[in-house]
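Participant: Pasting a structure below so you can have a look.
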Amino acid sequence: MWMKLQTQYVARADDLEHTYHQQPCDIKHDPGKDIRFHINKFCNIANKLKEMGSPLPANLLISKIICSLPEPYKEFRARWRDVPTPEKTIDNMTMRLIGEEEIIACYKPTSSNNNAFQASG
């Protein structure tokens with residue numbers, strides 16, 4: 001009985017590990033959430049994999065996050081390539097993305113700006 005339970009547990013753990021490795025490929029940025037929320041989704045998966053003894057390398061985690069960024073972050077992606085390798089950390093990337101999010105927000109039109117120039121008739 002004990003061996004059967006142990007075998008089922010190992011099989012389930014392997015399935016979970018596979019699922020956790022696949023999830024970062026499927027994550028898309030939710031425009032209703034901030035960039036921290038987006039990054040945390042990846043970090044939570046990375047933490048689960050680490051707990052399972054199958055850590056996701058930091059450079060792969062960063063790559064998955066960068067690849068999942070929406071179109072407004074295209075300039076960030078281009079600039080990130082020029083960052084020296086020792087500075088390519090999760091914390092550094094997060095701080096830079098938060099700054100980029102603030103810049104992008106400055107250029108987003110607000111609904112009041114859209115109505116300001118409409119002609120009434």
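The values are calculated or read from the model by the stated rules, or taken from the named source; none is laboratory data. Just so you know, these numbers come straight off a predicted model, no measurement behind them. Please note: Cβ atoms are built from the backbone with ideal geometry, for glycine as well, and neighbour counts cover all protein chains shown.
Participant: Output the residues belonging to segment 87-121 that are more than 20 Å from Ile39 (Cβ to Cβ), assigned to a helix (DSSP H, G or I) and either at pLDDT 95 or above or not small (Gly, Ala, Ser) (or both).
Facilitator: The answer is Cys106, Tyr107, Asn113, Asn114, Asn115.
Participant: Is it true that Arg81 is exposed (fewer than 15 other Cβ atoms within 10 Å of the Cβ), in contact with a helix residue (DSSP H, G or I) (Cβ under 8 Å, 6 or more places away or on another chain) and charged (D, E, K, R)? Lay out the reasoning, then the answer.
Facilitator: Values: exposed (fewer than 15 other Cβ atoms within 10 Å of the Cβ): yes; in contact with a helix residue (DSSP H, G or I) (Cβ under 8 Å, 6 or more places away or on another chain): no; charged (D, E, K, R): yes.
Taking the combined requirement at face value, the residue does not satisfy it.
Participant: Go through segment 16-73 residue by residue and tally those that are in a loop (DSSP other than H, G, I, E, B) and either within 18 Å of Glu100 (Cα to Cα) or free of Cβ contacts under 8 Å to residues at least 12 places away in the same chain (or both). Break it down stepwise before answering.
Facilitator: Taking segment 16-73 and keeping what is in a loop (DSSP other than H, G, I, E, B), we get 27-34, 52-57, 68-70.
Retained after the next criterion (residues that are either within 18 Å of Glu100 (Cα to Cα) or free of Cβ contacts under 8 Å to residues at least 12 places away in the same chain (or both)): 28-34, 53, 55, 57, 68-70.
So the count comes out to 13.
Participant: I'd like the residue in segment 36-78 that is surrounded by 14 or more Cβ atoms within 10 Å (Cβ to Cβ) and of a type in the set (D, E, K, R) and, out of all such residues, is nearest to Ala105 (Cα to Cα).
Facilitator: By that ranking, first place goes to Lys41.
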